[in-house]
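Below is one structure, written out as structure tokens, with a few remarks after it.
The values are calculated or read from the model by the stated rules, or taken from the named source; none is laboratory data. Just so you know, these numbers come straight off a predicted model, no measurement behind them. Cβ atoms come from the backbone with ideal geometry, glycine included; neighbour counts cover every protein chain shown. For the accessible areas, the whole protein counts, side chains as well, though only heavy atoms, and no ligand, DNA or RNA atoms are used. Shrake-Rupley method; radii C 1.70, N 1.55, O 1.52, S 1.80 Å.
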Amino acid sequence: MSELAIDIRDVRAHYGKGQRRVEALKGVSLDVQRGDIFGLLGPNGAGKTTLLSCIEGLHRPDTGAIVVAGIDVLRDPQRARRKLGIQLQSTALIDGLTATELIEVYAALYEVYPSRSRILELLEQFALVDQAHRRAKQMSGGQQQRLALAIALSTNPEIVLLDEPTGSLDPAARREVWRMIRTLKDQGRTIVITTHSMDEAESLCGRVAILDEGRIVACDSPHRLIAAADVRPVLKATVDLPLDALPPLTGALEMRYVGERLEIETANPEATLQALYMAAQQYGRLVRDITVRQPNLEDVYLKLTGRSLSQL
């Protein structure tokens, strides 16, 4: 059996026509190992959802090849789709149906008809037993996302595709969904998750592909991507200083303003902070709200694209 759950080669895809035509994917190639949690990281419009739609067989690419669990998606999309569990966004849930009914309806689309005991098992797995006969519109955002995961598993898929599964959740609900995603991995399933959250990608994913304007600009483990980018800690402070007029600060490699916050990439945060205090005194300014952030995927994205993902 191949170690690859998903194999994608030179996929190009567009949507729209005429002047509204948008080339969403521009020669994307990647592979996802069986049993991995793989992240597609990038801002809205980078091509993440289009790529998932191509994997699902819902959007036919212009060129390229996609193989899911050994099945050619372009030749046999229905058979390939049976290997997949697809997480629905909470807004896609039919408000008037109960949790039990939604699981039944979704599974039936794939010609799978789970027993009552199987449905109860899914509801128990995602702490939704008390919501079994509650309509989707009556559930909280966190409950709806847990239900979306239960629905995705209703066909007992090998591969689970999750499109921004925690985008609208509060921190506590996000971490609960993370825990459940890790449980899916522990069951031997392959997970592909799209996200624009740095901490989500770093916390969950064994490997990450960074997408920018329809292209993959990097693909590796978060740790290796950060190491390869050779980025340094970032000192952040609220202070109003004319960067062009400042003398070089000890240890500082690069300085920039993001909004009202000064960000300094530094090889020596302590020495740079002392130099910043001295510069601020010369201009009669106060240095406030000081933090030091260790290198992360945000820095990798900024270095690769010249843009901050959090600002897009």
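In table form, for the structure just shown:
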quantity	calculated
Solvent exposure, largest accessible area first (probe 1.4 Å, DNA, RNA and ligands not counted), of Thr183, Thr98	Thr183, Thr98
Simple Cβ-charge dipole of the range 236-312, Lys/Arg +1 and Asp/Glu -1, about Cα centre, in debye nearest 20	80
Cβ crowding within 10 Å averaged over residues, with 38-49, 13-24 ranked highest first	38-49, 13-24
Extended-chain gain in nm, criterion 0.36 nm per residue less alpha-carbon gap, Thr63 and Met278	71.6 nm
Under 18 Å from the Cα of Lys83 - lysines, other chains or at least 8 residues apart	Lys185
Cα-centred dipole magnitude for the range 102-156, charges only on beta-carbon of K, R (+1) and D, E (-1), debye, nearest 20	200
Nearest-10 value in Å² for the accessible area of Asp199, using the 1.4 Å probe	70
For Kirkwood radius over Cα pairs in Å, calculated from these coordinates, the label among (1) 22.6; (2) 21.6; (3) 19.6	(2)
Å² per residue, accessible surface of the chain at 1.4 Å	49
Net charge over other residues, Cβ less than 13 angstrom from the Cβ of Val28 (K, R count +1; D, E count -1)	-2
DSSP beta bridges in the chain [antiparallel fraction, %, rounded to 5]	70
Residue-averaged [θ]222 nm for the chain, counting only DSSP H segments that reach four residues, each worth -39500 (n - 2.57)	-9500 deg cm²/dmol
Whole-Å distance, taken between Cα centres, linking the range 42-57 and the range 72-139	22
Probe 1.4 Å - accessible area at Asp212, Å² to nearest ten	20
Local net charge near Leu262, Cβ-Cβ under 12 Å (Lys/Arg +1, Asp/Glu -1)	-1
Dimensions in Å of the range 137-232 - Rg and Dmax from alpha carbons	14.6, 48
Rg followed by Dmax, in Å, when the range 211-264 is reduced to its Cα trace	15.0, 40
DSSP bridge orientation in the range 141-233 - percent antiparallel, rounded to nearest 5	50
Positive-pole candidate from Gln19, Gly206, Ser168, dipole of the chain, charges at beta carbon	Gln19
Stretchable slack from Gln19 to Arg75, in nm (0.36 nm times residue separation minus alpha-carbon distance)	17.1 nm
Cross-link partners of Lys48 among lysines (Cα-Cα below 18 Å; sequence separation of 8 or more within a chain)	Lys26
Heavy atoms of Arg307: accessible area, 1.4 Å probe, square angstrom to 10	70
